[in-house]
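Worksheet: the structure to be examined is printed underneath.
The values are calculated or read from the model by the stated rules, or taken from the named source; none is laboratory data. Quick caveat: nothing in here was measured; it's all calculated off a predicted structure. Don't worry about glycine lacking a Cβ; one is built from the backbone with ideal geometry, like all the others, and counts go over all protein chains shown. SASA here: full protein model, heavy atoms, side chains in, ligands and nucleic acids out. Shrake-Rupley method; radii C 1.70, N 1.55, O 1.52, S 1.80 Å.
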Amino acid sequence: MNKDMFRILNKVIATGFFSGYLPVAPGTWGSLLALILIIFFPGLLTIPVLLLTIVTGITVASLEENFTGIKDKPSIVIDEITGIFITFTGVEINWWVLLAGFILFRFFDIFKPFPINRSQNLPSGLGIMMDDILAGLLSMSIIKLVFIFI
């Protein structure tokens, strides 16, 4: 694979098949893409796939940042895709859970309460990914807690 093809493939993955270039709120579009993937391919919600997504996300986000010279470019949405996958891993999926998880994840991803806000200071792809990893973990924890009491 030549250098140009590698960069294009990296951009396709980093931007969630270019969903990160859709107008207004690219992170929301990336999150919606992840929801669609979960609805049609629920088998994606496994620990091995999740770990692969995290490692791939850190790698492609780092490379994309190096290629463009822009730190945490908004079109990079592999972090939102990963965060949504985390939100729903180990959770019984139904429409209410999908809606609640999506809203919770987007809330934590947008407003970044402590310690999520601090995680963006990590270098390169790790910093790009970590806030969404934490937002996904927090969202998943809340969903699981709610189901304990319902």
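Give the angle, between 0 and 90 degrees and rounded to the nearest 10, that separates the Cα long axis of helix 78-88 from the longest principal axis of the Cα atoms of the chain. Once rounded, one gets 20 degrees.
Between 0 and 90 degrees, rounded to the nearest ten: what's the tilt of helix 26-40 against the longest Cα principal axis of the chain? It works out to around 60 degrees. Taking Rh as the Kirkwood radius computed over C-alpha pairs, what is the Stokes-Einstein D of the chain at 10 °C in a medium of viscosity 1.306 mPa s, expressed in µm² per second? Answer from the Stokes-Einstein relation: 104 µm²/s.
Once both axes come from the Cα atoms, what is the angle between helix 47-68 and the longest principal axis of the chain, in degrees from 0 to 90, rounded to 10? Here the helix axis deviates by roughly 40 degrees. Each Lys and Arg Cβ is given +1 and each Asp and Glu Cβ -1; about its Cα centre, the chain then shows a dipole of about 100 debye.
Per residue, the accessible area of segment 71-141 comes to 45 Å², computed with a 1.4 Å probe over protein heavy atoms only. A cut-off of 5 Å between modelled amide H atoms, ignoring neighbours fewer than 5 places along the same chain, links Ile76 with no other residue. A straight line joining the Cα centroids of segment 1-39 and segment 115-134 runs 19 Å. Find which of Leu134, Phe6, Phe41 sits farthest along the positive direction of the dipole of segment 3-150, computed with +1 on the beta-carbon of Lys and Arg, -1 on that of Asp and Glu, about the Cα centre. So the residue we want is Phe6.
For the listed peptides 22-29, 122-129, 79-86, a ranking on the average number of other beta carbons within 10 Å per residue, highest first, reads 79-86, 122-129, 22-29. Highest average first, the peptides 3-12, 99-108, 55-64, 139-148 ordered by how many other beta carbon atoms sit within 10 Å of their residues are 55-64, 99-108, 139-148, 3-12. Of Phe108, Gly83, Phe67, which is farthest on the positive side of the dipole of segment 58-146, counting Cα position, with +1 on Lys and Arg Cβ, -1 on Asp and Glu Cβ, and the Cα centre as origin? It is Phe108, whose Cα lies furthest towards the positive end.
The portion of the accessible surface of the chain made up by carbon and sulfur, rounded to a whole percent, is 76 (1.4 Å probe; DNA, RNA and ligands excluded).
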